[in-house]
Protein chains: 2
Amino acid sequence: MTQILRLRQRILFGKAIAIGPGKAELLQHIAELGSISAAARQMGMSYRRAWLLVDTMNQCFAAPLVEAAPGGSGGGGARITAEGEKVLALYRRIEEQSRAAVHQEMAELEGMLAETPPANPH
Amino acid sequence: MTQILRLRQRILFGKAIAIGPGKAELLQHIAELGSISAAARQMGMSYRRAWLLVDTMNQCFAAPLVEAAPGGSGGGGARITAEGEKVLALYRRIEEQSRAAVHQEMAELEGMLAETPPANPH
């Protein structure tokens, strides 16, 4: 069966989302593209917003997850650190393992759904 | 050890959060207080906001989770339906089981945290 409901995990440290679906996607794009601005563009997000999300992640952890990449004449390069790779990998495992653990409950909820989701949800 | 990181689950149906931490808390307060406005007050939320959240939940599922309670001269009473109780119970199980499944990963993330969370997170 197609997946109807999607389980999304946010991990909160105080009031901050230390890591969640959006920040994980951003980390992954930065790792692939080597640039915060390119990652932001890929996600249809402003550079400022992406920078603020990176800054929040960096503040949540003892070591930065993303750092400026030296070199490159244009500047603006960024790379994911070993800590960033580790946080991303742990988050992906958290997603997978929690989804596996609630398969039955999600199927029960899916059996109770309306035919279509609301158009203007709150 | 005290819990430092908190795992929050949202369950999305299309663009809607069918059930998540805030809606589950609202359902629970409505069940206890028999009124959307009393539940809203308890959560420091406007009646309008609580009503919109209830309306979204009701639209997500084939049967309403909350319905108007007849009787009561002042009107405005509400009660959680059998379907509402079931969705709330399933969500609580989803919370518990997914937390249990990612205990090790959460502990690893906690070991990587900064001393304090950021004051103005994004």
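The values are calculated or read from the model by the stated rules, or taken from the named source; none is laboratory data. What you see is a predicted model, and the numbers here were worked out from it, not measured in a lab. Every residue, glycine as well, gets a Cβ built from its backbone with ideal geometry; the counts of neighbours run over all protein chains shown. The area values use the complete protein model at the heavy-atom level, side chains included, leaving out ligands, DNA and RNA. Shrake-Rupley method; radii C 1.70, N 1.55, O 1.52, S 1.80 Å.
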From phi via Karplus (6.51, -1.76, 1.60), per-residue ³J(HN,Hα) for the stretch A:115-122 in Hz, x at Gly/Pro
5, 9, x, x, 6, 10, x, 10
Would you mind computing, in nm to one decimal, how far apart the modelled labels at A:Ala62 and B:Leu113 are, each placed 7 Å from Cα along Cα→Cβ?
1.3
Give the cross-link partners of A:Lys86 among the lysines, using a straight C-alpha distance below 20 Å as the criterion and excluding same-chain residues fewer than 8 apart.
A:Lys23
Mind listing the long-range amide H neighbours of B:Gly77? Cut-off is under 5 Å, sequence gap 5 or more, other chains count too, H placed in the peptide plane at 1.01 Å from N.
B:Ala69
At 1.4 Å probe size, with the rest of the protein present, what percent of the exposed accessible area of the protein assembly as shown is carbon and sulfur atoms?
50
Mean-position separation - Cα centroids, the stretch A:20-61 and the stretch B:26-51, in angstrom:
36
Would you check the accessible area of B:Met112, probe 1.4 Å, heavy atoms only, in square angstrom rounded to 10?
30
Whole-Hz ³J(HN,Hα) for each residue in the stretch B:82-99, computed from phi via Karplus 6.51 cos²θ - 1.76 cosθ + 1.60 with θ = phi - 60°, x for glycine and proline: what do you get?
4, 5, x, 4, 5, 4, 5, 5, 5, 5, 4, 5, 4, 4, 5, 5, 6, 4
May I ask for the net charge around B:Glu108, where only other residues with Cβ less than 12 Å from the Cβ of B:Glu108 are counted and Lys, Arg are +1 while Asp, Glu are -1?
-1
Report, by chain and number, residues whose modeled amide H sits under 5 Å from the one on A:Ala18, excluding near sequence neighbours (fewer than 5 apart, same chain).
A:Ile11, A:Leu12, A:Phe13
Determine ³J(HN,Hα), in whole Hz, for all residues of the stretch A:51-60 in sequence, where each value follows from phi through the Karplus function 6.51 cos²θ - 1.76 cosθ + 1.60 and θ = phi - 60°; x replaces Gly and Pro.
4, 5, 5, 4, 4, 4, 4, 4, 6, 6
